[in-house]
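One structure is given here, and the rest of the page talks about it.
The values are calculated or read from the model by the stated rules, or taken from the named source; none is laboratory data. Keep in mind the model is a prediction, meaning the values are calculated, not measured. Don't worry about glycine lacking a Cβ; one is built from the backbone with ideal geometry, like all the others, and counts go over all protein chains shown. To get the accessible areas, we keep the full protein, side chains included, count just its heavy atoms, and leave off ligands, DNA and RNA. Shrake-Rupley method; radii C 1.70, N 1.55, O 1.52, S 1.80 Å.
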Amino acid sequence: MPTFQTVRGMRDLLGEEAQTFTNVITKARETASLFGFKEAVTPHVEPLELLSAKSGDEIRQRMFIFEDLGGRQVALRPEFTASIARLATSTLKNEPKPLKLFSVGTVYRYDEPQRGRYREFWQSNFELMGSNKPEADTEIILLTDRLMRTLGLQSYAFKIGHIGIIRGILSQDGVDEKTQNAVLQRMDKKEYELALKLVDSEKCRSTLQGLINIKGKDWYDTIEQINVLVAGYEKAKAAAENLSEVLKLITSSAELSLTVEPAFARGLEYYTGMIFEVYIPQLEIALGGGGRYDRLIETFGGEPTPAVGCAHGIDRVVIALQTQNTAGSINVERKVAAVIPITESVKVEALKIAQLLRERGVSVEFEIMGRRMGKALEDADKRNFDYAVIVGERELKEGTVVVKDLKSHEQTTILILDLFEKIKN
Ligand code: HAM
């Protein structure tokens, strides 16, 4: 029989990499708590109809869809937003607003696998529902900034736009919603020529081309340029005004590197307002992204509820940390000790010593292979343990054990009572 492998695009995470994932998740959870988001754990499988409703073609065509044994059309979640919007229209519909929910876990998309692009990947997801104020958009950007910073990432930068500017231009020039979505999909992929080809009106094409040419780090100046371009487009003007309010709040409350790109679009169809992504200079793929979606909850049958949110791609954040060589800095420092009983007769006492150390936060590997001391020590050394605690009959009688520092190779006999202090230092 051939040996089994993971399904294409899905990975096993092991050792240090798995530890880095866990650390990123811990930081994401801490960030959620700092910003007042409560955790929601939702199913991996949801009704197909829910997941495909407003996600957009890009995601719709890449879902893992199947029929369950009861004949229901279901799919593996490609993101969290639909599940959280479902909650907001059902179980949590009477909760006081704002509703702030955090989730973390795997999501599934049939993307073409490559570095940073998998078919099963991890997201940390934040949704803030019930506020249409620019303060809410600002909080989402600030929490992303906070997460990137506490992870130790250097020189990450935000790209910010507003879907209302592009849609405002298209709708005023008579482009229907379906074509608008198709244009936005092309723009998301930076296929600008193809995007413009979908638009009949010459005036609309030239305004969009103007938008594509605008891009700047000085947000105030960039907004001015947009204002000049969209003069006469009422909805686009209001969107630019809203974007400028968000940018003013962000830049006056945090020092972050950002570029305003009004022609920037995202693959998901539900966005209605500010959208953003975050990058590091060494990687072309976004580490995270999100935006405002004021009509999704209503589409799912709920009360009209403005909302804004974001998701961070943890697999990519881990690659970014490895690229910038900071993955090690967020590892939890923990001393590791091997506890080795020399004879059968001291096994119980040795186990008690192991438990004592674990209780005080030392990571302990008890000798469970029944090896002789020499072999067990060799193994502990090979696996880079800090200490070996050797438990022998003669020492036990005196309330002591032998501790071997595996880094300096020093060996001392000490009282069991002093063992923790010795290892801690
Ligand atoms: P998204 O941009 O589709 O947004 O995904 C968020 C992040 O997930 C991306 O920035 C990227 O880091 C990561 N990601 C996406 N596809 C892959 C892949 N194939 N492999 C590895 N990582 C990937 C959303 O999912 C929205 N639900 C975000 C949101 C929440 N908007 C509002 N609320």
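Table for the structure above
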{"read-out": "Calculated FRET efficiency for the pair residue 215/residue 135, C-beta based, R₀ 22 Å, to 0.05", "value": "0.25"}
{"read-out": "Anisotropy class of segment 127-210 from Cα gyration tensor, a/c 1.5 cut", "value": "prolate"}
{"read-out": "With eigenvalues of the C-alpha gyration tensor scaled by 5 and rooted, segment 13-167, Å", "value": "25, 22, 17"}
{"read-out": "Hits among lysines - C-alpha to C-alpha of residue 407 under 30 Å, sequence gap 8 or more where chains match", "value": "335, 347, 352, 375, 382, 397, 422, 424"}
{"read-out": "Kirkwood hydrodynamic radius of segment 358-414, Cα pairs, Å", "value": "12.1 Å"}
{"read-out": "Inter-label distance, nm, simple model (7 Å from Cα along the C-beta direction), residue 177/residue 415", "value": "7.7 nm"}
{"read-out": "Estimated vicinal HN-Hα couplings, Hz - segment 225-231 in sequence order (Karplus 6.51, -1.76, 1.60; Gly, Pro = x)", "value": "4, 5, 4, 5, 5, 9, 3"}
{"read-out": "Cut-off under 5 Å, modelled amide H: who pairs with residue 46 long-range", "value": "75, 77"}
{"read-out": "Apportionment of accessible area to carbon and sulfur, the chain, percent (1.4 Å)", "value": "50 percent"}
{"read-out": "Calculated [θ] (222 nm, deg cm²/dmol) that DSSP helices of n ≥ 4 give over the chain, each run adding -39,500 (n - 2.57)", "value": "-12000 deg cm²/dmol"}
{"read-out": "Solvent-accessible area per residue for segment 1-154 (1.4 angstrom probe, square angstrom)", "value": "51 Å²"}
{"read-out": "Net lengthening on full extension, residue 382/residue 248 (0.36 nm per residue, minus Cα-Cα)", "value": "42.7 nm"}
{"read-out": "Three-way shape call for segment 221-298 based on the alpha-carbon gyration tensor, with the a/c threshold at 1.5", "value": "oblate"}
{"read-out": "Cα-Cα pairs of the chain separated by more than 27 Å (percent)", "value": "61 percent"}
{"read-out": "Summed side-chain charge close to residue 27 - residues other than residue 27 whose Cβ falls under 12 Å, Lys, Arg +1, Asp, Glu -1", "value": "+2"}
{"read-out": "Sites residue 22 and residue 110 - FRET efficiency at Förster radius 25 Å, r taken between beta-carbons, to 0.05", "value": "0.40"}
{"read-out": "Choice from 57, 176, 68 showing the highest fluctuation, given a GNM over the chain with Cα pairs closer than 10 Å", "value": "68"}
